[in-house]
1. What does the convex hull of the Cα atoms of the protein assembly as shown come to per residue, in Å³, rounded to a whole number?
2. Quick one: give the max-minus-min coordinate of the C-alpha atoms of the stretch B:33-116 along each principal axis, largest first, in Å.
3. Would you pull out the residues with amide H under 5 Å of B:N17's amide H, same chain only if 5 or more places away, H placed 1.01 Å from N?
4. I need the Kirkwood Rh of chain A: take the reciprocal of the average 1/r across all distinct C-alpha pairs and report it in angstrom.
5. How would you order A:50-57, B:28-35 from highest to lowest mean count of nearby Cβ atoms within 10 Å?
6. What is the average number of partner chain Cβ atoms found within 10 Å of a Cβ in A:22-35?
7. Using the Cα centre of the stretch A:10-99 as the reference point, and only Cβ charges (+1 on K/R, -1 on D/E), how large is the resulting charge dipole? Debye, rounded to the nearest 20.
8. What does the highest-first list of B:42-51, B:5-14 look like by mean Cβ count within 10 Å?
Amino acid sequence: AQSVTQLDSHVSVSEGTPVLLRCNYSSSYSPSLFWYVQHPNKGLQLLLKYTSAATLVKGINGFEAEFKKSETSFHLTKPSAHMSDAAEYFCVVSDQGSSASKIIFGSGTRLSIRP
Amino acid sequence: ETGVTQTPRHLVMGMTNKKSLKCEQHLGHNAMYWYKQSAKKPLELMFVYSLEERVENNSVPSRFSPECPNSSHLFLHLHTLQPEDSALYLCASSQDSNSVPRNEQFFGPGTRLTVL
């Protein structure tokens, strides 16, 4: 069975400092992993995805994530936070080749940026 | 128009009303989804239409009824809703297949539903 855990419901950082949003997963097979961002009153937008190619994945807006199989983690990072990064972030896991219904969303991490 | 569109963006309805939410995708995808997003709860998958298969979350009440007339359009018919059904309803699409890897979903902006 697959599952995903976002370890922090809320993260607050100062503008210009690094961002770390943590995600751990469990999967029976080779997983596909995604990070989405949701700004207030908007739909979800894909930031980046891992699908068994390079373990370090670069996404939009300067975000990147590293797939660590030994730690079953897929943490999202950014070297320098910007005010526009304030949003809700979702980690998503899906076993490759599984039914379309087996897409599991984490509970989300709200990122706040202090001026 | 590109991407995934949803109408209406906002809807207020009484418990005895019947209304429908509409979703349209302009991406040529073969799978469409309805999600419910409530405050302080994880995103809840309600229905999936994929590769001609319909999958539903067994916990979704029968007062929600999906319809997918073709691969580009998805509806969610609502009747005799309850106040706890107030939420943001998100539609998504993807290009699904039985082979690897899993493709990402593209989301619409959502319909903010308020049930009085």
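Please treat every number below as a calculation from the coordinates, not as lab data. Owing to the predicted nature of the structure, the values given are computational and were not obtained by experimental measurement. Note: ideal-geometry Cβ built from the backbone for every residue, glycine included; neighbour counts use all protein chains shown.
1. Details: hull volume 28.9 nm³, N = 231.
Spelled out: Cα convex hull of the protein assembly as shown, divided by residues, is 125 Å³.
2. For the stretch B:33-116, the Cα spread along each principal axis is 44, 27, 22 Å.
3. Close amide H contacts, sequence-distant or interchain: B:T80, B:L81.
4. Working: mean 1/r = 0.0705 Å⁻¹.
Roughly 14.2 Å, rounded to one decimal.
5. Numbers: A:50-57: 14.4, B:28-35: 21.1.
Put in order of decreasing packing, that is B:28-35, A:50-57.
6. Details: counts 0, 0, 0, 0, 0, 0, 0, 1, 3, 2, 5, 1, 4, 0.
Shielding by partners across A:22-35 averages 1.
7. Numbers: 7 positive and 7 negative charges, 24 e Å.
Dipole magnitude for the stretch A:10-99 comes out near 120 debye.
8. Values: B:42-51: 19.9, B:5-14: 14.2.
So the peptides B:42-51, B:5-14, ranked by packing, come out B:42-51, B:5-14.
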